1. If we only count helices (runs of 4 or more DSSP H) wholly inside the range 1-85, which ones have 2 or more residues that are in contact (Cβ under 8 Å) with a residue 60 or more places away in the chain, open to solvent by less than 20 Å² (accessible area, probe 1.4 Å) and in contact with an Asp or Glu (Cβ under 9 Å, 6 or more places away or on another chain)?
2. Residues of the range 253-295 being in a strand (DSSP E or B), open to solvent by less than 50 Å² (accessible area, probe 1.4 Å) and of a type in the set (A, V, I, L, M), which ones?
3. Are any residues in the range 209-236 over 20 Å from Ile28 (Cα atoms), small (Gly, Ala, Ser) and either buried (at least 20 other Cβ atoms within 10 Å of the Cβ) or in contact (Cβ under 8 Å) with a residue 12 or more places away in the chain (or both), and if so, which ones?
4. Take the residues in the range 110-154 that are assigned to a strand (DSSP E or B) and either of a type in the set (Ser, Thr, Tyr) or under 12 Å from the mean Cα position of the chain (by Cα) (or both), then tell me which one is surrounded by the most Cβ atoms within 10 Å (Cβ to Cβ).
5. Going by the conditions given, is Asn157 outside any helix (DSSP H, G or I), surrounded by fewer than 19 Cβ atoms within 10 Å (Cβ to Cβ) and not charged (D, E, K, R)?
6. If Asp239 satisfies every condition in (1) surrounded by fewer than 19 Cβ atoms within 10 Å (Cβ to Cβ); (2) acidic (Asp, Glu); (3) under 28 Å from Leu302 (Cα atoms) but one, which is the exception?
7. Among the residues that make up the range 237-245, is at least one of them outside any loop (DSSP other than H, G, I, E, B), under 17 Å from Leu125 (Cα atoms), away from ligand 1 (no atom under 16 Å from the Cβ) and not hydroxyl-bearing (Ser, Thr, Tyr)?
Amino acid sequence: MKLIIDTDPGVDDALAIALAAALPEVEIAGLTTIFGNTFVEQSSRNARYLLDMLGVDAPVAEGARLPDGASTYEPSANVHGPEGFGDLDVVPEVGKNDPRPAAEFLCDLAAQTPGELVVCAIGPLTNIANALKLDRGFAENLGRLVIMGGAFNCPGNITPQAEANIYHDALAADAVFASDLNMSMVGLNATMQTLLTVEDFAQMAATAPKVGGFVNRISQFYLEFYRSVGVTEGCPMHDATAILACTNPERFTFMPAGLQVSTKAADYGATIEHPDRTPVQIARAVEADWAVAHVHAQLAALS
Ligand code: BDR
Ligand code: CA
């Protein structure tokens, strides 16, 4: 499977990218970056650093700096750390970005392999909305879009109603849901089920010292954030769960429904049903024990 990950790395993004690199059925065709957990320049630097660590030779194309129509943005440093990698305060610059902006890169790769490319979007959806605006053929050329985001009739994580990736660019997310892309939404309904504990991260460090050791190191900050908000059983592997929905959809329970994103003050960023839109496959549940075990088994193949 040719896969582009649209990402804001980000602690759980780092695990998702490592997982994608480890999965034998996945070819990472590139990473596109987005503001979100970090400023977009940090996202791109972190994406290049991760690919280098993983030994993956694939381009990184930088995307949007700001949400649709916004003039400022403040990253989620309290969740992912000041540089996006937990308590690390220096992340080396490795390599250079692809000269194309993310939206153009996405359109080009989709056009090269009509119907085949899978995009897993694990940050705000601005780049995907921009690709839809840039090329009328994008929706048809793209094989499938798998979104980590949203909370369907379940509590949000940035407000009581909204999930962070959708909330951070609600207009872009709504434009994506209004399109006729072939899409799945892997939101908090599923990802709050796939929890990783301190022991899980220690096991990753033991089986794959370089990559698992890095994931273990940066995840301590992320675990601490979740403890601070009352999630004491572990931290959700939001983004890695979306990668698993690309390769193993049979492990998820989906429900089709058209979606819109609320822009009303009372529930801004909430993902709610829209009966007239193209149905999105909404993940209602995942085989969580399988998901965690599969991540361990695949990461063990890395160094
Ligand atoms: C999403 O928001 C970010 O903090 C994570 O990386 C994930 O993509 C979870 O709501
Ligand atoms: Ca993310």
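1. Once the helices (runs of 4 or more DSSP H) in the range 1-85 are filtered for at least 2 residues that are in contact (Cβ under 8 Å) with a residue 60 or more places away in the chain, open to solvent by less than 20 Å² (accessible area, probe 1.4 Å) and in contact with an Asp or Glu (Cβ under 9 Å, 6 or more places away or on another chain), what remains is 11-22.
2. Ala257, Leu259, Val261, Val280, Ile282, Ala283, Ala285, Val286
3. Within the range 209-236, Ser219, Gly234 meet the criteria.
4. Met148
5. Details: outside any helix (DSSP H, G or I): yes; surrounded by fewer than 19 Cβ atoms within 10 Å (Cβ to Cβ): no; not charged (D, E, K, R): yes.
No; evaluated as a whole, the condition is false for this residue.
6. Every listed condition holds for Asp239 apart from (1).
7. For the range 237-245, residues outside any loop (DSSP other than H, G, I, E, B), under 17 Å from Leu125 (Cα atoms), away from ligand 1 (no atom under 16 Å from the Cβ) and not hydroxyl-bearing (Ser, Thr, Tyr): absent.
Let's see how each residue does on (1) among the polar types (S, T, N, Q); (2) within 15 Å of ligand 2 (Cβ to nearest atom):
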| residue | (1), (2) |
| --- | --- |
| Met148 | no, yes |
| Ala172 | no, yes |
| Asn189 | yes, no |
| Thr197 | yes, no |
| Met204 | no, no |
| Ser219 | yes, yes |
| Gly230 | no, no |
| Pro236 | no, yes |
| Ala242 | no, yes |
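The values are calculated or read from the model by the stated rules, or taken from the named source; none is laboratory data. Since the structure is predicted, the reported quantities are computational estimates derived from the model, not experimental observations. Cβ sites come from the backbone with ideal geometry, for glycine too, and all protein chains shown count toward neighbours. Protein only, heavy atoms only, side chains kept; ligands, DNA and RNA dropped before computing areas. Shrake-Rupley method; radii C 1.70, N 1.55, O 1.52, S 1.80 Å.
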